[in-house]
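Undergrad: Have a look at this one before I ask anything.
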Amino acid sequence: MSGEENKCNLLGLDETALIEYFTAMGEKPFRARQALKWIHFFGVTDFDQMTTFSKDLRQRLRDNATIIPPKIIFEKPSSDGTYKWLLEMADGNRVETVYIPERQRGTLCVSSQVGCALNCSFCSTGKQGFSRNLTTAEIIGQVWVAARRLSKIGGEHDRQVTNVVMMGMGEPLLNFDPVVSAMDLMMDDNAYGLAKRRVTLSTSGVVPAMEQLRQVSDVALAVSLHAPTDELRDILVPINKKYPLAELMAMCKKYFQGQPRRKITFEYVMLDGVNDTPKHAKQLINCLQGVPAKVNLIPFNPFPKTIYQRSSDAAIDKFQKILMAAGLTTITRRTRGDDIDAACGQLVGEVNDRTRRSERIDKIMVQVVNKHQALDGQLEQNNH
Ligand code: SAH
Ligand code: SF4
């Protein structure tokens with residue numbers, strides 16, 4: 001038998017893929033559901049513990065398959081119940097995953113790529129460039145690790161993953177099939193059983209892939225808008241040059257057609273003096289005309305060498321009031337700590353680069369969490 005690396009990692013197979021896998025082995029399709037339960041619900045990685053399988057089947061699985069989750073490089077709890085993991089993939093690439101508990105829910109922020117090719121000017125992941133796509137196993141593996149660790153940690157609070165946001169590193173729609181397949185696993189009753197409104201994909205606006213997504217998936221959608229005109233958005237979110245606002249908004253108008261109660265969350269990072277004036281608020285209202293929209297204002301999280309600054313609280317309040325007066329549901333998540341904050345991906349970059357590790361990591365962890373708490377606000381709306 002060849003090495004472990006040639007075996008199939010069952011962690012990354014959704015129900016359809018598992019049915020194919022078992023059928024090819026001469027087994028019945030229902031083995032797929034059993035395998036999902038063992039792997040994702042019970043968190044078993046050893047085929048010998050899969051007692052609903054015959055000894056012979058377990059042996060054949062051992063010979064041909066593996067269940068390998070990402071490796072935890074470190075885990076960092078904070079006093080408010082937040083957990084952060086730095087996870088390493090088989091090839092040494094690292095991604096971050098963050099868990100934020102809040103009242104009735106626990107949100108996991110999951111990465112879809114190592115780095116990102118889209119180079120938004122206010123995003124530290126973008127500044128790192130693109131390394132590679134994550135596989136389905138590596139995406140769902142983040143949920144697998146978090147679910148296992150949270151159930152082990154237990155304690156006074158019931159910590160569970162009730163929501164997932166694809167808002168970690170990377171542009172999920174540029175890694176389409178693995179992301180859809182991982183989100184299917186998140187929603188699969190035999191795996192994590194999350195409701196469709198509790199899984200959110202966030203995109204910077206890859207319009208053709210949005211059309212594809214609406215055809216194959218029911219998840220909640222967030223669009224990273226950040227600017228109300230092409231002129232400004234071309235600078236902040238350069239993929240706008242390829243898919244300008246007219247195209248993006250036309251897609252958003254039709255995205256949830258036939259589902260009158262569903263809305264798209266528009267993320268709008270508040271950059272001091274750049275996109276945060278009353279004029280921009282009015283332009284934004286225009287831009288969202290006719291779109292089933294809610295708005296999530298995100299105070300910018302600065303990172304080293306960035307040219308941007310976070311808007312003042314007063315500017316954010318004013319901006320929000322203008323949107324609300326026009327009937328747009330708008331929320332703002334305030335972040336803690338005002339010095340520097342992290343954008344997604346900063347953690348990984350810093351951990352790879354720095355020598356004074358633990359000190360840096362502590363600081364960066366707080367920043368990463370601040371950013372995610374800011375983003376998490378949109379879920380509150382999704383759940384209403
Ligand atoms: N690539 C996808 C998803 C990952 S980024 C997207 O762009 O939507 C998730 C969210 O974090 C996006 O809305 C992104 O614009 C926002 N973000 C990135 N850097 C940020 C920063 N420094 N401060 C605040 N939000 C940031
Ligand atoms: Fe990529 Fe999203 Fe960052 Fe833009 S904001 S560079 S799309 S991760």
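The values are calculated or read from the model by the stated rules, or taken from the named source; none is laboratory data. None of the values given here were measured: they were computed from a predicted structure. Cβ coordinates were reconstructed from backbone atoms using ideal geometry, including for glycine residues, and neighbour counts include every protein chain displayed.
Undergrad: Which count do you get for residues in region 1-47 that are in a loop (DSSP other than H, G, I, E, B) and closer than 21 Å to V143 by Cβ? Don't jump to the end; show me each part of the working.
TA: Of the residues in region 1-47, the ones in a loop (DSSP other than H, G, I, E, B) are 1-3, 7, 13-14, 25-29, 42-46.
Among the residues that remain, those that are also closer than 21 Å to V143 by Cβ are: 13-14, 42-46.
Matching residues across region 1-47 total 7.
Undergrad: Okay, next question. Got a sec? Which strands (runs of 3 or more DSSP E) wholly within region 81-137 have at least 2 residues that are aliphatic (A, V, I, L, M), in contact (Cβ under 8 Å) with a residue 40 or more places away in the chain and within 16 Å of ligand 1 (Cβ to nearest atom)?
TA: Working: elements: 83-88, 94-102, 105-109, 113-115, 130-133.
Of the strands (runs of 3 or more DSSP E) lying wholly inside region 81-137, those with at least 2 residues that are aliphatic (A, V, I, L, M), in contact (Cβ under 8 Å) with a residue 40 or more places away in the chain and within 16 Å of ligand 1 (Cβ to nearest atom) span 94-102.
Undergrad: Got at least one residue in region 100-110 being assigned by TED's automatic domain parsing to the domain that holds T306 and loosely packed, with under 13 Cβ neighbours inside 10 Å?
TA: Looking for residues that are assigned by TED's automatic domain parsing to the domain that holds T306 and loosely packed, with under 13 Cβ neighbours inside 10 Å, one finds at least one in region 100-110, hence yes.
Undergrad: Within region 267-283, track down each residue that is buried (at least 23 other Cβ atoms within 10 Å of the Cβ) and among the charged types (D, E, K, R).
TA: Once the filter is applied, which keeps residues that are buried (at least 23 other Cβ atoms within 10 Å of the Cβ) and among the charged types (D, E, K, R), region 267-283 yields only D276.
Undergrad: State all residues of region 48-73 that are exposed (fewer than 14 other Cβ atoms within 10 Å of the Cβ) and assigned to a helix (DSSP H, G or I); if no residue qualifies, say none.
TA: Result: D48, Q49, K55, D56, Q59, D63.
Undergrad: A further question on this structure: Taking region 211-225 as the search range and keeping residues that are touching a Leu at 6+ places or on another chain (Cβ under 7 Å) and either under 22 Å from T16 (Cα atoms) or outside the structural domain of V291 (by TED's automatic domain parsing) (or both), which one is farthest from ligand 2 (Cβ to nearest atom)?
TA: Among them, the one singled out is V219.
Undergrad: Here's a follow-up. Give the residues of region 101-127 that are in contact with a His (Cβ under 9 Å, 6 or more places away or on another chain) and either more than 17 Å from L201 (Cα to Cα) or within 16 Å of ligand 2 (Cβ to nearest atom) (or both), sorted by residue number.
TA: Within region 101-127, P101, C109, C120, F122 meet the criteria.
Undergrad: Within region 188-206, how many residues are surrounded by fewer than 19 Cβ atoms within 10 Å (Cβ to Cβ) and either at pLDDT below 95 or assigned to a helix (DSSP H, G or I) (or both)?
TA: Matching residues across region 188-206 total 2.
Undergrad: Quick one: which of I67, I140 is in contact with a Ser or Thr (Cβ under 7 Å, 6 or more places away or on another chain), among the aliphatic types (A, V, I, L, M) and modelled with pLDDT of 95 or more?
TA: Numbers: I140 fails: in contact with a Ser or Thr (Cβ under 7 Å, 6 or more places away or on another chain).
When all the criteria are applied, what remains is I67.
Undergrad: So, in region 194-207, how many residues would count as being more than 16 Å from ligand 1 (Cβ to nearest atom) and in contact (Cβ under 8 Å) with a residue 24 or more places away in the chain? Talk me through it step by step, then tell me what you get.
TA: Start the filter on region 194-207 by keeping residues that are more than 16 Å from ligand 1 (Cβ to nearest atom), which leaves 194-198.
Next cut, in contact (Cβ under 8 Å) with a residue 24 or more places away in the chain only: 194, 196-198.
The number of residues fulfilling the criteria is 4.
Undergrad: For region 301-314, give me each residue that is closer than 12 Å to G273 by Cα and either within 25 Å of the chain's Cα centre (by Cα) or surrounded by 19 or more Cβ atoms within 10 Å (Cβ to Cβ) (or both).
TA: Y308, Q309, R310, S311
Undergrad: Let me ask something else about it. Scan region 1-19 for residues that are farther than 14 Å from R62 by Cβ and surrounded by 13 or more Cβ atoms within 10 Å (Cβ to Cβ) and report the count.
TA: 8
Undergrad: Does V291 meet the test of being within 26 Å of D218 (Cβ to Cβ) and either in contact with a His (Cβ under 8 Å, 6 or more places away or on another chain) or touching a residue at least 12 places away in the same chain (Cβ under 8 Å) (or both)? Can you show your working first?
TA: Values: within 26 Å of D218 (Cβ to Cβ): yes; either in contact with a His (Cβ under 8 Å, 6 or more places away or on another chain) or touching a residue at least 12 places away in the same chain (Cβ under 8 Å) (or both): yes.
The answer is yes for V291.
Undergrad: Does L150 qualify as being crowded, with 18+ Cβ neighbours inside 10 Å and in contact with a helix residue (DSSP H, G or I) (Cβ under 9 Å, 6 or more places away or on another chain)?
TA: Numbers: crowded, with 18+ Cβ neighbours inside 10 Å: yes; in contact with a helix residue (DSSP H, G or I) (Cβ under 9 Å, 6 or more places away or on another chain): no.
When the stated conditions are applied, L150 does not pass them.
Undergrad: I've got another one for you. Here is a check on your reading of the model: is K76 out of contact with any Pro (no Cβ under 8 Å at 6 or more places or on another chain), in contact (Cβ under 8 Å) with a residue 40 or more places away in the chain and part of a helix (DSSP H, G or I)? Give the steps one after another, and end with the answer.
TA: On the way: out of contact with any Pro (no Cβ under 8 Å at 6 or more places or on another chain): yes; in contact (Cβ under 8 Å) with a residue 40 or more places away in the chain: yes; part of a helix (DSSP H, G or I): no.
So K76 does not fit the description; no.
Undergrad: Of the residues F266, F303, which is over 23 Å from L173 (Cβ atoms) and in contact (Cβ under 8 Å) with a residue 40 or more places away in the chain? If you could, list the steps in order and put the result at the bottom.
TA: Working: F266 fails: over 23 Å from L173 (Cβ atoms).
Of the residues listed, the single one that is over 23 Å from L173 (Cβ atoms) and in contact (Cβ under 8 Å) with a residue 40 or more places away in the chain is F303.
Undergrad: Okay, moving on. If you go through region 128-155 one residue at a time, how many are away from ligand 2 (no atom under 16 Å from the Cβ) and within 19 Å of N175 (Cα to Cα)?
TA: Of region 128-155, the ones away from ligand 2 (no atom under 16 Å from the Cβ) are 135-138, 140-141, 143-155.
So of that shortlist, the ones also within 19 Å of N175 (Cα to Cα) come out as 135-138, 140-141, 143.
The total comes to 7.
Undergrad: Could you tell me which of the residues I235, I264 is of a type in the set (V, I, T) and surrounded by 20 or more Cβ atoms within 10 Å (Cβ to Cβ)?
TA: Details: I235 fails: surrounded by 20 or more Cβ atoms within 10 Å (Cβ to Cβ).
Residue meeting the stated conditions: I264.
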